[in-house]
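Structure, as structure tokens:
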Amino acid sequence: MCYVFDKYQSSSIRLQGLNLDSMTFAGETLALDSLTPTLDNAYKLHDLTGILTPGAKPIYKKGGNYNSLAVMVYLLRQIGLNCRVVAQSQDTLQFLHDTFPVECQLLEELNAYPELLSSQELNDGNITPDNGLLITLIGYDNTTHYVVNNKQGLWFESLLPEDYYPWDSIEKWHESSNKREGAYWTGVSIQVTD
């Protein structure tokens, strides 16, 4: 999220999170500005997005530590960005619905329920928008994590030491060794554009 904020930021912005009592997008407000160090802004953003406990049918609570897909979409839209949540297959959609029913409900409320990617989109080998970013949920080491890439094939992975990695497009990760070691695409991504 902070990578996206840095790419598109203005001098300051106010973001509103999810109210965990009412489960509505009327929660606490967070102010971010360009004078605050990026890492500090990242921690502030994680306070709003990291509200899920691990596992199926998670509990929503402050400090849950796992990022809510729906809250990320909501915050990105508040920044003024367009978001399209996409799913690799019908099986992915069914898994999301069965495993994360509240997330799916929140995405529906945002009119951002995951859209099934077409065969052509998948076969073209790059679902990353031309003038935007792709935020992708990957799995590895029995957990999940979000990574970001651009159309040029540069990937940002916050848990690794380098700033960027020149990995293959996410659609090829099932057959490629040029990816985050031991990782796989969960089948869910957010296409982000201006």
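Things worth noting here:
- Contact order, relative form, for the chain: 18 percent (alpha carbon pairs under 8 Å, 6 or more residues apart, mean separation divided by residue count).
- 222 nm mean residue ellipticity, helices alone, for the chain (DSSP H n ≥ 4; -39,500 (n - 2.57); rounded to 500): -8000 deg cm²/dmol
- Pairwise Lys count, the chain - Cα closer than 22 Å, eight or more residues apart or different chains: 6
- For residue 46, the accessible area of its heavy atoms, probed at 1.4 Å with every protein chain present, is near 60 square angstrom.
- Largest first and in whole Å, the equivalent-ellipsoid semi-axes of the stretch 88-194 read 22, 16, 14, each the square root of five times a Cα gyration tensor eigenvalue.
- A simple spin-label model places the labels of residue 39 and residue 116 4.5 nm from each other, with each point 7 Å out along Cα-to-Cβ.
- Relative to its Kirkwood radius, the Cα radius of gyration of the stretch 57-106 gives an Rg/Rh of 0.99.
- Length available on full extension from residue 108 to residue 28: 0.36 nm per residue minus the Cα-Cα distance, which gives 26.7 nm.
- Percent accessible area from carbon and sulfur atoms, the chain, protein chains only, probe 1.4 Å: 47 percent
- Share of pairwise Cα-Cα distances greater than 26 Å in the chain is 29 percent (whole percent).
- Highest to lowest packing among 179-192, 21-34, 146-159, scored as the average C-beta count within 10 Å: 179-192, 146-159, 21-34
- The modelled label-to-label distance for the pair residue 143/residue 159, using points 7 Å beyond Cα in the direction of Cβ, is 0.5 nm.
- Think of a 1.4 Å ball rolled over the protein heavy atoms: the chain then has 51 Å² of accessible area per residue.
The values are calculated or read from the model by the stated rules, or taken from the named source; none is laboratory data. Keep in mind that what you see is a predicted model, and the values were worked out from it rather than measured. Note that we place each Cβ from the backbone using ideal geometry, even for glycine, and neighbour counts take in every protein chain shown. Accessible surface areas use protein heavy atoms only, side chains included; no ligands, DNA or RNA. Shrake-Rupley method; radii C 1.70, N 1.55, O 1.52, S 1.80 Å.
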